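For reference, the structure discussed in these notes is given below.
Every number in this text was worked out from the coordinates using simple rules, so none of it is lab data. All values reported here derive from a predicted model rather than from experimental measurement. Cβ placement follows ideal geometry from the backbone for every residue including glycine, while neighbour counts extend to all protein chains displayed.
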Amino acid sequence: MKEYKGIDLKKSVQDKMSSTLDFYEISKLSEKERFLKIEEALYRIIENEEIKLSKKIIKNIISRIYESSFGFGPISSLMDDADISEVMINNHNLIYYEKNGKIYKSDIEFESNKEVRDFVDKILNPLGLRLDESSPMVDARIGDGSRINAVVSPVNVNDISVTIRRFKRNLKDVSSLMELGTLTKEIAELIKIFVHKKANIILTGATSTGKTTMLNILSCFIPKDERVITIEDTIELNLEIENIVKLESKPPNLEEKGEITIRDLVRNAMRMRPDRIIVGEVRGNEIIDVLQAMNTGHKGSMTTVHANSGFDLISRLESMLMIASPNLNEYVARKIILSSVEIIIFLERLKTGERIISEIGELSNMKNYDSSISDIDIKNICLFNKKKYETKKYQIKDCFNFSGYFPKRLN
């Protein structure tokens with residue numbers, strides 16, 4: 001921001017406006033009316049202060065004040081870019097963003113960490129949330145559907161860091177993912193059959209591999225006459241289903257009361273006559289209720305779990321089950337998994353930034369001589385050949401290979 005007589009005009013003008021304008025009331029107006037109110041107030045201040053400014057500077061000040069008050073401040077240009085999926089503020093002068101699967105450093109800066117805190121508070125206040133030393137971490141949903149996570153001192157050495165995850169609004173059908181190389185037409189048809197056959201599916205992969213996006217895509221295959229209940233910590237799914245109920249967990253209040261967990265919501269969802277239950281992400285004790293739902297009349301349910309491979313997913317499920325119910329042993333945990341989960345879809349992000357379906361598999365049991373379950377096997381249906389793709393001699397669509405195994409679920 002340009003300075004006038006050593007004073008930051010934008011800050012000086014905005015401070016003066018705060019004493020004459022009610023920004024909360026103005027937020028209820030249309031975008032055009034908001035700009036008009038700011039413009040009128042600015043010209044009054046210019047006249048009273050006898051400041052001479054060019055029309056270009058005035059227009060810039062109005063735009064900056066508007067974005068600071070009603071938009072995303074300095075990062076508004078990043079948030080307006082449809083190709084940017086994530087914005088990461090490590091410090092007021094250190095901002096990164098992810099675009100088309102790759103991370104770049106931005107030349108945009110906030111004036112100070114206080115401005116970053118003010119920016120976060122502006123988002124959190126209407127939601128009844130706060131971010132301070134007594135509550136140094138927060139995760140919330142922004143009005144446009146994006147998710148914001150912020151961490152401040154004392155748990156953050158950098159004073160404050162903010163991560164905003166955005167979702168591609170233009171990914172409305174599976175053809176969008178086919179164009180990006182995430183999957184092929186044959187794989188899409190296979191997944192569609194699994195969904196129609198009401199197979200219980202777990203999507204897995206590391207962070208930022210596109211699990212939630214894929215869950216949205218899978219929902220497109222759900223028959224329109226089915227009733228679906230979605231359950232999430234923060235609403236991220238945007239399913240195009242008419243008969244849908246969206247449930248969101250609730251953190252405890254300042255008195256540490258009123259918490260509603262994912263597990264509470266899964267139990268309640270089973271009483272709401274769902275044809276399918278879709279859980280945004282499973283990461284704790286709720287796993288036992290989710291798997292029970294899959295095994296007690298709610299076929300075709302889906303969820304996501306963080307894991308680095310298909311077999312790592314099995315280990316994670318076993319561990320979560322035994323932590324949720326300490327009386328379970330490995331044998332019982334594996335039996336629950338095999339009776340509940342049928343298909344796993346492993347997603348991966350390549351070094352070149354593309355997100356792809358790396359593996360589709362069906363769970364199968366490996367039995368001992370006495371027919372007891374010794375382990376869980378994954379029968380590969382489709383695999384992505386990374387070595388083949390890394391030779392750069394083949395297009396991404398030519399590196400998906402079917403194994404020839406015919407899933408029992410389709411018999």
Gyration tensor (alpha-carbon) shape descriptor, segment 36-124, a/c threshold 1.5: prolate
Sites Glu259 and Asn149, calculated FRET efficiency, Cβ-Cβ separation with R0 25 Å, nearest 0.05: 0.85
Helical contribution to [θ] at 222 nm, DSSP H n ≥ 4, -39,500 (n - 2.57), averaged over the chain, rounded to 500: -10000 deg cm²/dmol
Alpha-carbon centroid distance for the pair segment 49-76 / segment 106-145, whole angstrom: 21 Å
Segment Thr352-Met137, extension gain: residue separation times 0.36 nm, minus the distance between their alpha carbons: 74.2 nm
Normalised per residue, the volume of the convex hull around the Cα set of segment 174-410 (Å³): 139 Å³
Length-normalised contact order of segment 75-165 in % [C-alpha pairs under 8 Å, at least 6 apart]: 25 percent
The chain: most fluctuating residue of Ser339, Ser219, Ser112 per GNM, C-alpha cutoff 10 Å: Ser112
For the chain, with +1 on Lys and Arg beta carbons and -1 on Asp and Glu, the positive-most of Thr184, Val157, Thr204 along the dipole: Thr184
The chain: angle of helix 185-196 to the longest principal axis, Cα-based, in degrees nearest 10: 80 degrees
Inter-probe distance in nm under a simple model that places probes 7 Å from Cα toward Cβ, at Glu189 and Asp80: 4.4 nm
Full-extension gain in nm, Glu248 to Lys59, via 0.36 nm per residue minus C-alpha separation: 63.9 nm
Protection-proxy order for peptides 277-288, 220-231, each taking the mean of Cβ atoms within 10 Å per residue, highest first: 277-288, 220-231
Histogram of C-alpha separations across segment 171-251, 10 Å bin width, %: 16, 49, 31, 4, 0
Approximate spin-label separation Lys299-Asp173, in nm, with each point projected 7 Å along Cα-to-Cβ: 2.8 nm
Vicinal HN-Hα couplings computed from phi for segment 107-114 (Karplus, 6.51 cos²θ - 1.76 cosθ + 1.60; Hz; Gly/Pro x): 8, 6, 9, 8, 5, 6, 5, 5
Charge sum, other residues only, whose C-beta stays under 14 Å from Asn253's C-beta, Lys/Arg counted +1 and Asp/Glu -1: 0
Of (i) 160; (ii) 186; (iii) 197, the label for volume of the Cα convex hull per residue in Å³ derived from the coordinates: (ii)
In sequence order, calculated HN-Hα J values of segment 283-297 (Karplus, 6.51, -1.76, 1.60; Hz; x Gly/Pro): 9, x, 4, 5, 4, 5, 6, 5, 5, 5, 4, 5, 9, 10, x
Extension gain, Lys32 back to Ser315 (0.36 nm per residue minus Cα-Cα distance, nm): 96.4 nm
Calculated FRET efficiency for the pair Asn285/Asn100, C-beta based, R₀ 35 Å, to 0.05: 0.40
Cα-based helix-to-principal-axis angle, 310-324 vs the chain, degrees rounded to 10: 80 degrees
Rounded, prolate or oblate (a/c below 1.5 giving rounded, otherwise prolate when a/b exceeds b/c) for segment 207-316 by Cα gyration tensor: rounded
Value of relative contact order over the chain, rounded to a whole percent, pairs C-alpha under 8 Å and six or more apart: 11 percent
Per-bin percent of Cα-Cα distances, segment 75-165 [5 Å]: 3, 14, 26, 26, 19, 9, 2, 0
Fraction of beta bridges assigned by DSSP in the chain that are antiparallel (%, nearest 5): 70 percent
